[in-house]
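What follows is a short report on a single structure.
Each reported figure results from applying straightforward, stated rules to the coordinates on display, with no laboratory input. None of these values were measured; they are calculated from a predicted model. Methodologically, a virtual Cβ is constructed for each residue, glycine included, from the backbone with ideal geometry; neighbour enumeration extends over all protein chains shown.
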Amino acid sequence: MKFCPILTLAFAALALGTANAQMAPAKIDSLANLALKTFDVPGIAVAVVKDGKLVYANGYGVASLRTQKKVDANTLFGIASNSKAFTTAAIGILVDEGKLKLDDKVTDYIPEFKMFDPYVTAEFTIRDLLTHRSGLGLGAGDLMIFPDSTDFTVKDIIHNLRYLKPVSSFRSKFDYDNQLYIVAGEVIARVSGMSWEDFIETRIMKPLQMTGSFASYSRIKNTKNYIDAHAPVDGKVVVIPRNTSEPTNAAGGIYSSVNDLAKWAIMQMNDGKYGDDLSKRLFSSRIHRDMWTVQTVLPTGPGVYNTHFAGYGLGWFLNDAKGYLKASHTGGLDGMVTQVTLFPELKLGIIVLTNQQSGGAFSSVTNEIIDSYIGDSGKDWVKLYSEAEKAGSAGAGNVVAGVWKQVEEQKKTAIDASVYAGTYHDNWLGDVTISQKDGQLWFVSKRSPHLTGQMFYYKGSTFVVKWNKRSMDADAFAMFTTDENGKPTGLKMKPISPATDFSYDFQDLDFAKTK
């Protein structure tokens, strides 16, 4: 999935009032176990920090349906896009050291960096890398890193940015991206002289004594206490292959626990200070203000909690709720989703990590805990999110069912599928081959082997690709373009289901038939 904010449910993330009562541990236990059951999530870990201290941390359920090992407060989860705030912290450290400025041009550090528009290339700054305002569409280029199996390197990703066409004017609107955070990671490497992974572990995790955390899955050592990824496949939640893509680490590679992330959250709410007497600093107040200042505006309305503004800072989503600042982020990888939510003025933080793809689980747990601290909204968040997920799933399911019904009906239609066979080239994803085997067309991506699947005739010159890897939940239309004689000249694609994760950006592909 993803490295994404889970923003699909139309509920406010927090309820704010005047109360300041801590939720009893037994109630958190009951809440987490209810979320496990309601959202069919194998394992959850929860931490609460208040007034500079970790006041609660626990794990629930199992780390893996395969091993049945229990989750605890030290169990490692892939935190996905919550890694982005670590990347911005690393940039901030380098700014404080005078090694770069936020408004330096990217080409000052990566001369080969190039966007589709020459003007955008020339003006693109370090700040622009971190604020989702590039003009690219939502998740543009993510098929270079999803599904996990691609052979794209950081060098490839930087090169291929020049082929991604913008969908809006530069700096005019928010569209979430991962690729530019990968570029930011490369800036850190070139400026610091060490890899992004080494920088994160030595300059951030080590000072904060996040001793059980790692900058990527491949660096996990001295422990087997980490989760497996899980997702529904054919209606049943099962263990699925985890995402281990190394080029994506700066956008979403960190593995951490609620115990360790509590130290990170406490430092954030202490304005970059840490240590027993807060005598040490990870980064300055000045750079922290930049992180928690809106850089890209997001639309909002008063909603349930009288929200007046929303936007993205540097690695954090920002908004107000009943007059309090909230800094938060979510993250999603294949089979795991997470959330970190901070109220710096209240010194309150909630961390919820899960090993399934249900955003409703972490959202409902977070909201219930916050309601208990700063005002009971009277809402049953587990019920509300469960109902919303079911409604969304049913709606998407109806769309998909309609497509497959059409495919079934078209089995009676005689077509010459062989005319569509050949090699098709996209400038940034590379070659795919479409071949005929036993009368059926097959789609195979050369550089992303998991993009392999059987093609079924839909209508006109459009087929449906059913991917072999069923946990992807991202079947797609394949729409052939033809010349005046009806011969295929190219191929465009788009997801079938409206619920398909945005990182499957099939709509950004533009294949030309080469042979």
Express the relative contact order of region 413-513 as a whole percentage, based on alpha carbon pairs under 8 Å and six or more residues apart in sequence.
21 percent
Return the long-range amide H neighbours of Gly137 (sequence gap of 5 or more, or a different chain), with a cut-off of under 5 Å between placed amide H atoms.
Val167
Past 20 Å, Cα to Cα, is the threshold; run Lys446/Lys513; Lys84/Lys221; Lys236/Lys379; Lys53/Lys224 against it and keep the listed order.
Lys84/Lys221; Lys236/Lys379; Lys53/Lys224
Computed lengthening from Ala512 to Asn427, 0.36 nm per intervening residue step minus Cα-Cα distance:
29.7 nm
Ranked on Cβ counts within 10 Å of their own Cβ, fewest leading, Asp334, Asp510 go Asp510, Asp334
Within the chain, which whole H helices from DSSP have a Cα span along their axis of at least 30 Å and a mean Kyte-Doolittle hydropathy of -0.5 or more, if any?
381-409
In debye, nearest 20, what is the charge dipole magnitude of region 413-513 about its Cα centre with +1 on Lys and Arg Cβ and -1 on Asp and Glu Cβ, if you could check?
240 debye
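What order do you get for Lys405, Lys165 when you list them from fewest to most C-beta neighbours inside 10 Å?
Lys405, Lys165
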What residue among Pro207, Gly135, Val444 has its Cα farthest toward the positive end of the dipole of the chain, where the charges are +1 on Lys, Arg and -1 on Asp, Glu, each on the Cβ?
Pro207
Value of relative contact order over the chain, rounded to a whole percent, pairs C-alpha under 8 Å and six or more apart
20 percent
Expected output is a single nm value to one decimal: the length gained when fully extending between Lys165 and Asp104, i.e. 0.36 nm times separation in residues minus the C-alpha distance. What is it?
19.6 nm
Can you tell me the FRET efficiency between Val399 and Ala24 if r is taken as the Cβ-Cβ distance and R0 is 45 Å, rounded to the nearest 0.05?
0.55
Plugging the Cβ-Cβ distance of Asp156 and His308 into 1/(1 + (r/R0)^6) at R0 = 41 Å yields, to the nearest 0.05, a FRET efficiency of 0.45
Given the options Tyr119, Leu36, Val49, identify the residue whose Cα lies farthest towards the positive end of the charge dipole of the chain (+1 on Cβ of Lys, Arg; -1 on Cβ of Asp, Glu).
Leu36
Assigned charges on the beta-carbon of Lys, Arg, Asp, Glu; the chain dipole about Cα centre (debye)
440 debye
Ranking of Glu368, Glu345, Glu389, Glu246 by count of other Cβ atoms within 10 Å, fewest first
Glu345, Glu246, Glu389, Glu368
Among Met479, Ser285, Ser64, flag the residue with its Cα farthest along the positive direction of the charge dipole of the chain, charges on Cβ as +1 for Lys/Arg and -1 for Asp/Glu.
Ser64
As straight-line cross-link partners of Lys405, the qualifying aspartates and glutamates (C-alpha separation under 16 Å, not fewer than 8 residues apart within one chain) are Asp475
